[in-house]
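Remarks on the structure that follows.
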Amino acid sequence: MPHTIPIRAASDRDAADICAIHNAQGVATTASYRLSPGTAAERAAWLARHRREGFPVLVALDGDERVIGFAAYERFRELPGYDPTVEHSVYTAPGHEHEGIGRALMTELIGLARRAGLHAMVGVVDADNKASLAFHEHLGFTICGVLPQVGRKFDRWLDTAVLVRLLDEPPTGAGERRPRS
């Protein structure tokens, strides 16, 4: 029987763990273009905003009920015409990479987005992050373009890849393009 990773909706008590994971895996790398570490209070406000706006935040737990990953989605852009589209983020705790946590979180998050009637999920990834690009493509996301030098971190310009997965049609294989009607 395959190992199941426990996933639940994040609660206020998870803010510090989510913050620590993001600081270690996002702020300390180019996985996020945030330049300075966040605080637990900022993450608590972020969680409250997600709840208020009806957007999920999920956490994955280890056998001791510690948070070892999180995923969320939120509004892609402010204009109402973008309402059927969301942008997601997913991070796993240091030392828990390549354990299927990200895949489990994203599978659940994509299911929630589909049940909410959303049309598309966007991922914005550092274009040099080959592991994240492959991860997203395996989940049915398609690279739609690269924005050159739109970010700056660690004293260098960074390119950003934009990936999209349409939620109301089945995923294609990694790297396949969907035919346009």
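One line per residue, one yes/no per condition, for (1) in contact with a Leu (Cβ under 7 Å, 6 or more places away or on another chain); (2) open to solvent by less than 60 Å² (accessible area, probe 1.4 Å); (3) among the hydrophobic types (A, V, I, L, M, F, W, C); (4) within 18 Å of Leu167 (Cβ to Cβ):
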position	(1), (2), (3), (4)
Ala28	no, no, yes, no
Leu35	no, no, yes, no
His50	no, yes, no, no
Phe55	no, yes, yes, yes
Leu61	no, yes, yes, no
Val67	yes, yes, yes, no
Val86	yes, yes, yes, yes
Val90	yes, yes, yes, yes
Thr107	no, no, no, yes
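Out of contact with any strand residue (DSSP E or B) (no Cβ under 7 Å at 6 or more places or on another chain), of a type in the set (D, E, K, R) and in contact (Cβ under 8 Å) with a residue 40 or more places away in the chain: does that describe Arg66? Give the steps one after another, and end with the answer.
On the way: out of contact with any strand residue (DSSP E or B) (no Cβ under 7 Å at 6 or more places or on another chain): yes; of a type in the set (D, E, K, R): yes; in contact (Cβ under 8 Å) with a residue 40 or more places away in the chain: yes.
Yes; evaluated as a whole, the condition is true for this residue.
Open to solvent by 10 Å² or more (accessible area, probe 1.4 Å), small (Gly, Ala, Ser) and either under 30 Å from Gly54 (Cβ atoms) or at pLDDT below 95 (or both), is that true of Ala113? First the steps, then the outcome.
On the way: open to solvent by 10 Å² or more (accessible area, probe 1.4 Å): no; small (Gly, Ala, Ser): yes; either under 30 Å from Gly54 (Cβ atoms) or at pLDDT below 95 (or both): yes.
No: the conditions fail for Ala113.
Name the residue that is nearest to Glu97 (Cα to Cα), counting only residues in the stretch 128-152 that are of a type outside the set (A, V, I, L, M) and in a loop (DSSP other than H, G, I, E, B). Even if it seems obvious, please write down each step before you answer.
Our first condition is that a residue be of a type outside the set (A, V, I, L, M); within the stretch 128-152, this holds for 128-130, 132, 135-138, 140-142, 144-145, 148-149, 151-152.
Cutting the leftovers down to in a loop (DSSP other than H, G, I, E, B) gives us 128-129, 140-141.
Values: Asp128: 18, Asn129: 14, Gly140: 20, Phe141: 20 Å.
It comes out as Asn129.
Quick check on my filter: what residues within the stretch 126-149 are in contact with a Leu (Cβ under 8 Å, 6 or more places away or on another chain), crowded, with 17+ Cβ neighbours inside 10 Å and free of Cβ contacts under 8 Å to residues at least 40 places away in the same chain? Give the steps one after another, and end with the answer.
Narrowing the stretch 126-149 to residues in contact with a Leu (Cβ under 8 Å, 6 or more places away or on another chain): 126-128, 133, 136-137, 141-144, 149.
Narrowing further to those that are crowded, with 17+ Cβ neighbours inside 10 Å: 126-127, 133, 136-137, 141-143.
Listed by number, the residues that qualify are Ala127, Leu133, His136, Glu137, Phe141, Thr142, Ile143.
The values are calculated or read from the model by the stated rules, or taken from the named source; none is laboratory data. This one's a predicted model, so the numbers in the text were calculated from it and none came from an experiment. Reconstructed Cβ throughout: ideal geometry from the backbone, glycine too, with neighbour counts over all protein chains shown. Accessible surface is based on the protein model in full, side chains and every heavy atom, while ligands, DNA and RNA are left aside. Shrake-Rupley method; radii C 1.70, N 1.55, O 1.52, S 1.80 Å.
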